[in-house]
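I have placed the structure first, in the form of structure tokens, so that the comments after it can refer back to it.
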Amino acid sequence: MAGAVPIPFIDLGAQQRRIRDRIEQAIARVLAHGQYIQGPEVAELEGRLAAFCGARHAVACASGTDALLLPLMALGIGPGQAVFVPSFTFVATAEAVALLGATPFFVDVGDDDFLFDPEGLAPAIDEARRLGLEPRAVIPVDLFGHPADYCAIEAVAAPQGLCVIADAAQGFGGARHGRRVGTLAGFTATSFFPAKPLGCYGDGGAIFTDDPERAAVLTSLRVHGQGANRYDTVRVGINGRLDTLQAAILIEKLAIFEDEIAARNRVAVRYSEALRDVAQMPRVVPGAVSTWAQYTVRLKHRDAVAAALKTRQVPTAIHYPKPLHLQSAYLGFPRSSGGLPVAERMAGEVLSLPMHPYLEPLVQDRIISAVREAIREQGA
Ligand SMILES: *Cc1c(COP(=O)(O)O)cnc(C)c1O
């Protein structure tokens, strides 16, 4: 492979070349009007995001982490209360809960779909009560872009009075149960971190809800709990606004997002067909749409295969090497009493391959042959 063009893990440059002129014009418009905070592009983006997924309200905010924090604040969640989260996810899912003094309660994920296990929820609720905690909410994660089983989770959560907050940082743009992500939970949080399926050129996020009162509370919370005007404060909030510049960039990126989701799915189908016999990939239920934020397989000899791919100049990543319940900052929080064997096993087996909408078939074929070779060398 000496002399071969390096393969990027995510190629943000290809997307930028496609819409560079439109992005530059959008930035120039913001520089001309000068409303860097809460400029007109923010409300325009919110309208377009809500229309894209069919939610009544979209509230833009400063990051995916704030998009999780703000709904928890809107629900008044705090000390003595439990919020159920999967252990196999990015740390922000549990962090937002812990920041408010509430207790993240770790639940295992499914062996075939890598997602929050709906069957683990009812026993976890009972255990939390036994520990003297008041169960308040559950945060399923659309890991790697695959929407969680919201119907099954809602069926357990609703009768117990728990609110479902979707962590769709990786899943916005996907669909399940015949509806788009953004409409599948009481609140849906997403992130516009550059590497996410819909990313900006910095930090950003958004929250979706169908409830106008909840949307109004979120809008107030993201600006220091503002009331009737800037110097009227009716609740304790944060500075959680999305920059106008990022909103202007996102409007241009959202315009090609549908097309990019289709391209991501073509890439994923090609990987799955070529690797099905040598690696385990997540099952996407029929009818659901994944945004394939990552294309992640499970391998017996993961570290050796990753090393062999590195020598072949194929970049890979591990999402995630350590489940949250084993992270030193989170060791003190409760988890399901049977332990979290799937999350622990997955951390040692997962490997993410290059994935983005502009991955050319010829380059993908190079990756596929390298992966097959590397696996063969391990005799697995
Ligand atoms: C990226 C991510 C977040 C946090 O988003 P930021 O915009 O980086 O704050 C939260 N949850 C999951 C699952 C993520 O992948």
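Over the range 257-378, what is the relative contact order in percent, taking alpha-carbon pairs closer than 8 angstrom and at least six residues apart? RCO, the range 257-378: 39 percent. Please find, in a Gaussian network model of the chain (springs between Cα atoms separated by less than 10 Å), the residue of HIS177, HIS33, HIS325 whose mean-square fluctuation is greatest. Between HIS177, HIS33, HIS325, it is HIS33 that shows the largest mean-square fluctuation. Considering only GLY161, PRO334, ALA67, the residue lying farthest towards the positive end of the dipole of the chain is ALA67, judged by Cα position with unit charges set on Cβ.
In a reduced charge model with +1 at each Lys and Arg Cβ and -1 at each Asp and Glu Cβ, the chain shows a dipole moment near 520 debye about its Cα centre. In terms of the mean number of neighbouring beta-carbon atoms within 10 Å, the peptides 306-312, 236-242 order highest first as 236-242, 306-312. Among VAL284, ILE125, ILE27, which residue has its Cα positioned farthest towards the positive end of the charge dipole of the chain, with +1 placed on the Cβ of Lys and Arg, -1 on the Cβ of Asp and Glu, and the dipole taken about the Cα centre? Final value for the positive-end residue is ILE27. Distance between the 7 Å Cα→Cβ label points at LYS322 and ARG276: 3.8 nm.
Placing a label point 7 Å from the Cα of ALA28 along the Cα-to-Cβ line, the residues of the range 226-261 whose backbone N sits under 18 Å from it are 245-246, 248-253.
Peptides 354-363, 54-63, 279-288, 164-173 ranked from most to least packed by the mean count of surrounding Cβ atoms within 10 Å: 164-173, 54-63, 354-363, 279-288.
Sorting SER87, SER220 by the number of Cβ atoms found within 10 Å of their own Cβ, with the fewest placed first, yields SER220, SER87. Evaluating 6.51 cos²θ - 1.76 cosθ + 1.60 at θ = phi - 60° for every residue in the range 42-54, the Karplus couplings come out as 5, 5, 5, 4, 4, x, 5, 5, 5, 5, 4, 9, x Hz, glycine and proline recorded as x. Taking every DSSP helix (H) stretch of at least 4 residues in the chain, weighting each as -39,500 (n - 2.57) and dividing the sum by the residue count yields a mean residue ellipticity at 222 nm of -12000 deg cm²/dmol.
Among the DSSP beta bridges whose two residues both lie in the chain, what percent are antiparallel, rounded to the nearest 5? Close to 60 percent.
Take each peptide in 126-136, 141-151, count the other Cβ atoms within 10 Å of every residue, and average; sorted highest first, the result is 141-151, 126-136. Please state the charge dipole magnitude for the range 257-378, taken about the Cα centre, from unit charges on C-beta atoms (+1 on K and R, -1 on D and E), reported in debye and rounded to the nearest 20. That gives a dipole near 360 debye.
For the range 315-380, a simple Cβ point-charge model (Lys and Arg +1, Asp and Glu -1, everything else neutral) yields a dipole of about 220 debye relative to the Cα centre.
Here the scattering of the range 257-378 is modelled by Debye summation over its C-alpha atoms, one equal scatterer each and no solvent; at q = 0.10, 0.20, 0.22 Å⁻¹ the log10 of I(q)/I(0) is -0.36, -1.13, -1.26. Charged neighbours of GLN35, selected by a Cβ distance under 14 Å, balance to -1 (K, R count +1; D, E count -1). Expressed per residue, the C-alpha convex hull volume of the chain stands at 136 Å³. Can you list residues from other chains, or at least 5 along the same chain, whose modelled amide H is less than 5 Å from the amide H of SER63? Residues meeting the amide H criterion: GLY205. Our note on the geometry: Cα centres of the range 1-70 and the range 272-345, 28 Å apart.
Maximal additional length on extending the ASP112-SER369 stretch stands at 90.0 nm, based on 0.36 nm per residue less the C-alpha distance. I'd like the distance between the alpha-carbon centres of the range 129-199 and the range 96-123, rounded to an integer number of Å. The range 129-199 and the range 96-123 have Cα centres separated by 11 Å.
Throughout, read-outs are computed from the coordinates displayed, never taken from laboratory work. Only a predicted model underlies this, so the values are computations on that prediction, with no experimental measurement involved. Every residue, glycine among them, receives a Cβ derived from its backbone with ideal geometry; neighbour counts consider all protein chains shown.
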